[in-house]
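Beneath this line is the structure, given in structure tokens, with notes to follow.
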């Protein structure tokens, strides 16, 4: 006779008093532990539902984020500063976003947590907040379809003390909340591309672009950029050959870059408020960049090189940086029209390759400005063997574009 595991076929056993007692005992034992487990879970939910707010001050930069649009997508590009105002170190273990429409109805909810190996939270470089310290967080939820209204966006940050071990990714001890109301920004100035050659956006302002990655909690960044991030919507533009290559032979010779010396044009009408034309260019020594010897106090030339700033007269300012010395054709006070040549692409200032840095901001002074989305008119996207004409649109990292001359 085969041995049958207990509990699989108890009905085949002869009826006796002992098995019935055992079954009753096991039944009530199971009920007891189920009740205990359920009560424990309920208590955990109650405790967490009434968990005290974390001693964390949450600041949004900029205070009202702007919505940038591209076809059927919309992006919100902003940062958080989380400041631990308490006396104990904290660990950030989860971020939740909840988006509501104008009627207050939930449109979308999602989380970034410590589930996974490595988890999604590892994309946030610093998650530990010592008492009295602050960390910067780049908004991790950036892009949404145009069916989402983004009328109100709530963020919840979940924390535990550094010596607390969470039971599950849902577990936490403290929480801090903040709500933002993003604003659509369609632009005021009719802009065209500043370069008439086929050009790649070497680096734009997506989540991974260096223009975005200025930690707002870093004391040096706060000192250098006290008013915000002027580079928030910036572009580094590099003209390319028909194959999309930025240079020939070695990149460590500035004249090998197809963009070096290419004319730069005013993106829109306005008045020149800054123009610098005398900053020496950088050079390469093997693979190292040798920067021009400039005084530490001359932060504009050290950062921007030869540059031009145009006031469009409506609160928007165009910045053109890193141009070739001697190429700048305008001076402060000049009136320019869209399409006027103002300089040529060079290798000056804080640049490790020849390129044009272009950005639109809300202030002429880049060290006291916040970036603005810019939309360009009448250009063409290069999509392999095909192209797409754009009447007005956004560009970003990796895009290959050229003016539409038809």
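Read the figures in this text as sums done on the coordinates, not as results from a lab. Because the structure is a prediction, the values reported are computed rather than measured. So basically every Cβ, Gly included, is an ideal-geometry build from the backbone, and we count neighbours across all protein chains shown.
Please state the shape class of the chain: rounded when a/c is under 1.5, otherwise prolate if a/b exceeds b/c and oblate if not, all from the C-alpha gyration tensor. Judged from the Cα gyration tensor, the chain comes out prolate (a/c at least 1.5, a/b above b/c). Each Cα pair under 8 Å and six or more residues apart adds its separation to the average, and for the chain the resulting relative contact order is 15 percent. Legend: ranking of residues 121, 323, 359 from fewest to most surrounding C-beta atoms inside 10 Å; resulting order 121, 359, 323. Over the stretch 56-184, the Kirkwood radius and the radius of gyration, each from Cα atoms, give a ratio Rg/Rh of 0.98.
Per DSSP H run of at least 4 residues, take -39500 (n - 2.57); add these up for the chain, divide by its residues and hand me the 222 nm value, nearest 500 deg cm²/dmol. Value at 222 nm, helices only: -3500 deg cm²/dmol. In the chain, the longest principal axis of the Cα atoms and the axis of helix 17-49 are about 30 degrees apart. Each part gets one Cα centre, and for the stretch 119-186 versus the stretch 59-111 those centres are 7 Å apart. In the calculated pair-distance distribution of the stretch 319-406, the portion above 15 angstrom amounts to 71 percent of the Cα-Cα pairs. Would you mind classifying the stretch 199-403 by shape? Square roots of the alpha carbon gyration tensor eigenvalues, ordered a ≥ b ≥ c; an a/c under 1.5 is rounded, otherwise it is prolate if a/b is larger than b/c and oblate if not. Since a/c stays below 1.5, the shape of the stretch 199-403 is classed as rounded.
The packing ranking of peptides 68-77, 55-64, highest mean first, is 68-77, 55-64, where packing means the average number of other beta carbon atoms within 10 angstrom of each residue. Annotation: the antiparallel percentage among DSSP beta bridges lying fully within the chain is about 95. Annotation: the residues 149, 85, 267, sorted from fewest to most other C-beta atoms within 10 Å of their own C-beta, follow the order 85, 149, 267. With neighbour counts taken as other beta-carbon atoms within 10 Å, the residues 319, 205, 210, 91 rank, fewest first, as 210, 91, 319, 205.
Dividing the mean sequence gap of close Cα pairs (under 8 Å, 6+ apart) by how many residues the stretch 199-403 holds gives a relative contact order of 26 percent.
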